[in-house]
Every structure is written in C-alpha cells, then in structure tokens.
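Here is the structure we will look at.
Where a number appears in this text, it was derived from the coordinates with a stated rule and is not lab data. Computed from a predicted model, the values in this text were never measured in an experiment. Please note: Cβ atoms are built from the backbone with ideal geometry, for glycine as well, and neighbour counts cover all protein chains shown.
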Ligand SMILES: Nc1ncnc2c1ncn2[C@@H]1O[C@H](COP(=O)(O)OP(=O)(O)O)[C@@H](O)[C@H]1O
Ligand SMILES: [Mg+2]
C-alpha cells in the first residue's frame, strides 16, 4: 500500500516518538511511505498535491530506531495526495481547520485516519466537554465559557474547594492549573488573564472549568484505542508538586493493566469514537472519568512498548492494511461489474 504520514517535520522527530515507530513499521513492511507536513499541502490544477519525502523502496531497514532515523534513504517528490491509499494524521495539535479542507478533497479516495469529520469535531476539548452524559458517569462536570463573570460564579457556587482550569485547545498539560476557592482574591484576575490576555493580540479565548477528579494526585491512565477497542494502557504520574500527569510536563510512566470496568468504559466511549471516524485515539482517564480524547497525534506508544516489551505499532498498521484492502476490494468489485456489463 501507499501511505502518507501527515505530520510534524522529520527534523523534529525524536528518538522516542510514537510516530517514528509507526513509520518504521510501514517502511519495514515494504510499503511506499511518504511524509509531509500541513504546510506542504496545496492545490495545483484542481488537484490536492503535497511535497513529500518518500522512502526509497527496497532499502535495508535497520531494526534500531536511531539508526533508521539517521540512515533511511528518502527523496522529495511532489505527488497528488489522492494517489495514496491511506493518510495517517500525526501532526501536532491544534490543527489549522484549513488543512482539514484539503483533506476533504481526498477523503472519498483515501482512507484518512482519523476521518476528517472526526478530526473536525474533536479538534479541541469541546468534543469531550459536550459528551452526552446525563447521569454524570463518564466525564467530570465541565463548563466551557469566555464569560468571566459566569465562570467566577461557577467557582463561588461550587461545593468543591478546588477546580481545574485549562485552555480549550491546549495540549501537553499547558496552562492546566488548580483553582483554589480559598484564594478568592486571585480568581477574577486569573480568569481575566486566561480569557482576555493569555494570547496577546488575539481575541478572547474559551476556558474550561472542570470538577477536580479525586485521585488525580496518583496520576492518570493513558489508553490507546484502535477501532473502538483499548489496545494499550499506561499510568502517568505527575512529578511532585504538579497537577499534570503529561510526560511533556515532567510526569513519569508506570506499567498499568486496565480493570474489567475500565475496559467496559473504554468500549462504551469507543462506540462513539468509531461512529465519528476516530479509529486511533488516546484517552486520558482519571478514576473512571474521561478527561480528554486525543485525536491528532496520540502518544505513549513507545512508553507502552518499553514497559511491556512489545511493539504495539504492529496491530495499528495491520488495521490500516486491512481497511485499505477492503476499500480496494470494494472498488474492484465495482469495476469488475462495469466490465462484465460492457463485455
Ligand atoms: N478534571 C481534572 N481533575 C484532575 N486532574 C486533571 C483534570 N483535568 C486535567 N487534569 C490533569 O492535567 C493533565 C492534562 O489535562 P488534559 O485535559 O489531558 O489536557 P492536555 O491536552 O494538556 O493533556 C491530565 O493528564 C491530568 O493529570
Ligand atoms: Mg491530556
């Protein structure tokens, strides 16, 4: 198959990145593998094109990630995106919505993981915040607003001493803080900063106010979901004195096996994810509550591999191969029938 990774620049790929393992698996299997970045997409004569680095086929592929990264042979080519069988989204959030318009133009011809519709809907934390949860079983109570007075009122009326505040489209733990009700003199100023001044020169920003989920001190669980099923999980523990478990914010990782209840919980979320075309995602779960669905470029694959001495990229690439094969077979059946009728 021909697969394109729509990602951050190759020069920024680090030795431990999940993306490197996914690319390596595809090249090792002998697929035609291209890499491009959102900035390299464009339209030429009504065709969506991309400047891609394409790995030479037939080269010897080192088993070591650092040697593969250093030595793999690839060359730049301008190619039509619809020529690929699959596009694997691995760009960093937040996604420029215009990039999704480019993908709209190829989505009928190419298997895009995750689907454009799902990427558009889950482009920020509103996707999780608006999750249908009438019995408050799945997500913590969450408010999204840019109305400072409303947000202040929520904090004042809350019966919890502390709440979580975070920007709507943050990632990697950026800007996630605990708001203590007792620090009431700071609250207005903090809210005002998050809503009106956090990005100088830009218009006001939405913020999330969320119930603090008890037990978060012990860390959260990152689950990798593939086609509605949990396939890998690790625990991430915040460094002392920090509320955030993200590895990029100093959190450490531990081996973790999901309980039966957690597997059920993930499958329940997974049904919706698959309906929305979100085949490969990373869930953040604390104490049985869903905190976030990562859809752009979920990580933790390398950490899971190291803790469990496995290569979880294998079933992920298997899934793409299988989906592409089914798509191609369906297409062939149609053209077979056309030639049958003509003949
Ligand atoms: N409601 C919450 N209760 C307790 N801890 C939280 C809550 N929300 C976020 N956190 C902590 O902050 C981290 C980052 O929050 P998250 O919503 O996943 O945003 P990001 O996109 O920055 O990863 C979580 O992994 C968790 O450790
Ligand atoms: Mg997160």
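Remarks
- Where both bridge residues fall in the chain, DSSP classifies roughly 80% of the beta bridges as antiparallel.
- Taking every Cα-Cα distance in the range 127-175 and sorting them into 5 Å bins starting at zero, the pair-distance distribution P(r) comes out as 4, 16, 24, 25, 24, 7 percent.
- Ellipsoid equivalent to the chain - semi-axes via the Cα gyration tensor, in Å: 38, 22, 21
- Relative contact order of the range 216-311, taken over Cα pairs closer than 8 Å and 6 or more residues apart, is 32 percent.
- Per residue Cα convex hull volume in Å³ - calculated over the range 6-144: 144
- Comparing 318, 85, 276 in a Gaussian network model of the chain where C-alpha atoms under 10 Å apart are linked, the largest mean-square fluctuation is found at 318.
- Inverse mean reciprocal Cα-Cα distance (Kirkwood Rh) of the range 120-255, Å: 16.2
- Compared with the alpha-carbon gap, the fully stretched path from residue 229 to residue 11 is longer by 75.2 nm at 0.36 nm per residue.
- Long-range Cα-Cα pairs in the range 141-211 (distance over 21 Å), rounded percent: 16
- For the range 216-311, projected area of the alpha-carbon convex hull averaged over all directions, nm²: 5.8
- The ranking of 302, 323 from fewest to most other beta carbons within 10 Å of each one's beta carbon is 323, 302.
- Between the range 102-164 and the range 233-260, the Cα center-to-center distance that results, in Å: 22
- Cβ-derived FRET efficiency at R0 25 Å, residue 329 paired with residue 92, nearest 0.05: 0.15
- The helix-based estimate of mean residue ellipticity at 222 nm for the chain, built from -39,500 (n - 2.57) per DSSP H run of four or more residues and divided by its residue count, is -9500 deg cm²/dmol to the nearest 500.
- As a ratio to 2.2 N^0.38 Å, the alpha-carbon radius of gyration computed for the range 257-312 takes the value 1.18.
- The value of relative contact order for the chain, using C-alpha pairs under 8 Å at least six residues apart, is 17 percent.
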